Amino acid sequence: MNPAQSSQRTTASTPAPAPFSHPSFQGLIGIAREDITPPVGIYSRNWGAAKHDVATSIHRPLTLTVMTIKASTSEAPLVFIDADLGWWKTPQTYESFSSRLLDALSLKSSQLIFALSHTHAGPPLMDADESLPGSDLLNSWMEDLFEKTVKTVQDSLSSQVESTLDWHSGRCNLATYRDLPDPNVENDRVLCGFNPSGTPDETLIVGRITDQSGQLRGTITNYACHPTTLAWENEAISPDYLGAMRETMQQVTGAPALFMLGACGDLAPRNQYVGDVEVADHHGRQLAYASLAVLEDMEPTGQQLAYTGAVESGAPLAVWKNQPVEISSILFTDQLTVELPIKDWPTAEELEKERLACPDRALEERLRRKRDIRRGIGDGSTFQLPISTWRIGDAVLVGCCCEPYSVLQQELRQRFPDVTILCMNLINGSVGYLPPAELYDTDVYPVWQTPFDRGSLELTLEMMTQAIRDALND
């Protein structure tokens, strides 16, 4: 090295690093909760292999938690509903429920996100069917659910106080990859269960809601993992792992815990399909502890960590200190649609004839579900899939009523590396899976379950990308 090079190296300056701060929102936030547990004896068969049709006990209560958000007292609210429920049998069932809800609350559809935790141990959201045991309880329970939803939204709105919502990311290894090539057959069949060689998306995003005094008022966990711990041997009503997750977090924080299910089409717990409710509670505590660790890793509300200079000591030390930070109060909502191709399925009437002639209980249940999906989407060749987008300060929430594979949220986060993306499954209805195009040559459940043809996930990805761009450029 010559003297000129040495001089340039010692005198050249390096820009100060950017401060570290959490994506945040400041405005009016309210939270309220209600018990929505159905009665014992209600129809609750969610597994083809199940020998029972009705619930015989309650493991933990099902809850409905509402978070309402406003930028100011003069603005219209956003209403987020987190419900310990499985899925809507048809799009029409949700549309009927939501239209009543929007009317009762004087809301536009873009202001509402009704999110399902996707427990597989509760009653399906459906109209009563006289051929199903315990179905007579569905109508009264669904009406009770509607009335409690209206009340809980109103309670949330009346509880709103000036608050800050901060987001931070971590990891949790509860979710595992669940597409397993069948080791006992020579064809290309893929089983739905733990695959040790898979690489799951372990991304965990946690929200912290605090009021102006610094009091923690609520937490939000956004994570992708199917609540399929409890399966055909379980006869109890249960929120699956979400019950113990909420309980554990609330015991530590003293504040209600909300949940946002991520893109989990290919993700589920390692140990699942059991009748032992303690396994579900174990999973819930695991997710809670991971979420609590993320909370402990967060900077104080309204503060960023900024580089302030160097201090000469035994080593030259970089000093970072907390400083006040300006917090966004932006709220943005939008709804787009993407046209998805539908497979060449039989009509609903043809599927019903096939179901009635089927002697196998498990296969008959498959045909019942396929019939219900076909009835829901109609007999056309395409389906207009709604995409919901909310911008909440520095973060963007995007989701749909389908169950995309986790590659969707991974790709969205790669495309927007500087933005906190909250990706959600099963919001404002439920229809079918969205597997990647390359899986359509494989005998795997999400491919033959979904009514949507090859390329639908990729079309949804592009529309969600556009929706996020629109939200950020508003």
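Looking at residue 396, is it open to solvent by 20 Å² or more (accessible area, probe 1.4 Å), within 19 Å of residue 169 (Cβ to Cβ) and either out of contact with any Cys (no Cβ under 8 Å at 6 or more places or on another chain) or without any contact (Cβ under 8 Å) to a residue 60 or more places away in the chain (or both)? So residue 396 fails the test. The set of residues from region 25-49 being open to solvent by less than 30 Å² (accessible area, probe 1.4 Å) and in contact with a helix residue (DSSP H, G or I) (Cβ under 8 Å, 6 or more places away or on another chain) comprises 30, 31, 32, 36, 38, 41, 42, 43, 45, 48.
Within the set 471, 437, the sole residue that is more than 16 Å from the chain's Cα centre (by Cα) and open to solvent by 10 Å² or more (accessible area, probe 1.4 Å) turns out to be 437. Out of the residues in region 359-386 that are open to solvent by 30 Å² or more (accessible area, probe 1.4 Å) and either in contact with a Cys (Cβ under 8 Å, 6 or more places away or on another chain) or more than 24 Å from residue 95 (Cα to Cα) (or both), which is modelled with the lowest pLDDT? The selected residue is 362. Scanning region 253-265 for residues that are open to solvent by 10 Å² or more (accessible area, probe 1.4 Å) and either touching a Phe, Trp or Tyr at 6+ places or on another chain (Cβ under 9 Å) or among the small types (Gly, Ala, Ser) (or both) turns up just one, 254. Regarding residue 420, is this residue open to solvent by 50 Å² or more (accessible area, probe 1.4 Å), β-branched (Val, Ile, Thr), farther than 25 Å from residue 119 by Cβ and touching a Pro at 6+ places or on another chain (Cβ under 6 Å)? Here the answer is no, as residue 420 does not meet what is asked.
Scan region 145-188 for residues that are over 30 Å from residue 444 (Cβ atoms), more than 24 Å from the chain's Cα centre (by Cα) and acidic (Asp, Glu) and the total you get is 1.
Of all residues in region 160-177, those that are surrounded by 15 or more Cβ atoms within 10 Å (Cβ to Cβ) and either in a loop (DSSP other than H, G, I, E, B) or at positive phi (or both) total 3.
Residues of region 417-430 that are touching a helix residue (DSSP H, G or I) at 6+ places or on another chain (Cβ under 6 Å) and of a type in the set (A, V, I, L, M, F, W, C): 421, 423.
Of all residues in region 86-107, those that are under 25 Å from residue 377 (Cα atoms) and either among the hydroxyl-bearing types (Ser, Thr, Tyr) or touching a residue at least 60 places away in the same chain (Cβ under 8 Å) (or both) total 12. Filtering region 50-67 to residues that are under 20 Å from residue 365 (Cα atoms) and either in a loop (DSSP other than H, G, I, E, B) or in contact with a helix residue (DSSP H, G or I) (Cβ under 7 Å, 6 or more places away or on another chain) (or both) leaves 50, 51, 52, 53, 55. In this structure, residue 112 does not satisfy being under 19 Å from the mean Cα position of the chain (by Cα), surrounded by 23 or more Cβ atoms within 10 Å (Cβ to Cβ) and within 10 Å of residue 428 (Cβ to Cβ). Pairs under 8 Å by beta carbon, first residue farther than 12 Å from residue 125 by Cβ in region 140-159, partner surrounded by 15 or more Cβ atoms within 10 Å (Cβ to Cβ) and hydroxyl-bearing (Ser, Thr, Tyr), six or more apart or different chains? Pairs found: 152/65; 153/68; 156/68; 157/68. Based on what the data block shows, is residue 196 without any contact (Cβ under 8 Å) to a residue 40 or more places away in the chain, over 20 Å from residue 87 (Cα atoms) and of a type outside the set (Asp, Glu)? Yes.
Taking the numbered list (1) touching a strand residue (DSSP E or B) at 6+ places or on another chain (Cβ under 9 Å); (2) assigned to a helix (DSSP H, G or I); (3) open to solvent by 20 Å² or more (accessible area, probe 1.4 Å) in turn, residue 98 passes all entries but (3). Of the residues making up region 195-205, one or more are in contact with a strand residue (DSSP E or B) (Cβ under 8 Å, 6 or more places away or on another chain), closer than 23 Å to residue 241 by Cα and acidic (Asp, Glu).
Of the listed requirements (1) at pLDDT 95 or above; (2) of a type outside the set (Ser, Thr, Tyr); (3) more than 22 Å from residue 84 (Cβ to Cβ), residue 183 misses just one: (1).
The values are calculated or read from the model by the stated rules, or taken from the named source; none is laboratory data. These figures come from a predicted structure and were not determined experimentally. In this analysis, Cβ positions are derived from the backbone assuming ideal geometry, glycine residues included, and neighbour counts consider all displayed protein chains. Heavy atoms of the whole protein, side chains included, go into the accessibility calculation; ligands, DNA and RNA do not. Shrake-Rupley method; radii C 1.70, N 1.55, O 1.52, S 1.80 Å.
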